[in-house]
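Notes for the one structure printed next.
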Amino acid sequence: MLPYPLLSASLVLMWLALNGFSLGHLILGSVVAVFASWGMAALRPAKPRMPKWYLLPKLVGIVLYDIVRSNIAVASILVAGRGRRFRSGFITVPLDLQSPTALAVLAVVVTSTPGTAWLEYNSLSRTVLIHVLDLVDEAEWQVLIKGRYEALLMEIFE
């Protein structure tokens, strides 16, 4: 039994489109598609719980605002060139989030904001390492991530 028949059929068609049609490629593509479908079923995570899904538009609005604000800040750094001094650096932020889905959303939010990059999540100490292009105050960044994003994500997903 195939857990994802549409995925399997699509993979076989893609295999044949890339390699040309022959009986050997049809058999090999079918075998690959079956194993890929089983692998996908084994990797399938639990369905995320979002008890307060109605807060998603608020999160999207905050993130879009922060992206625009960060774009302006990064552009001003690039335009100013060497005339303006800035200090990039790494910060470690302790997190209370436990939901894998909420952590993934936080990683996307931090990385999509210009000037910041999510580098590493330590699941043992539950901390995240983030690179910041213009690091003025480390404590301010921790408060921003914990108060602005993590608190809302915990409310949405946990």
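The values are calculated or read from the model by the stated rules, or taken from the named source; none is laboratory data. Keep in mind that what you see is a predicted model, and the values were worked out from it rather than measured. Accessible surface areas use protein heavy atoms only, side chains included; no ligands, DNA or RNA. Shrake-Rupley method; radii C 1.70, N 1.55, O 1.52, S 1.80 Å.
Against the main long axis of the alpha-carbon atoms of the chain, helix 23-43 sits at an angle near 40°. Orientation-averaged projection of the chain equals 13.8 nm² [convex hull of Cα atoms, one quarter of hull surface area]. Among the protein heavy atoms of the chain, carbon and sulfur supply 68% of the accessible surface, probe 1.4 Å, non-protein parts ignored.
If the chain linking I27 and V60 were pulled fully straight, counting 0.36 nm for each residue of separation and taking away their Cα-Cα distance, it would gain 7.3 nm. Probing with 1.4 Å while keeping every protein chain in the model, the per residue accessible area of the chain equals 65 Å².
Full extension of the chain between A107 and L7 gives 33.3 nm of extra length, using 0.36 nm per residue less the Cα-Cα distance. Rounded to the nearest 10 degrees, the inclination of helix 100-112 to the longest alpha-carbon principal axis of the chain is 60 degrees. Note on the chain: GNM, Cα springs under 10 Å; of W53, W141, W38, the largest mean-square fluctuation is that of W38.
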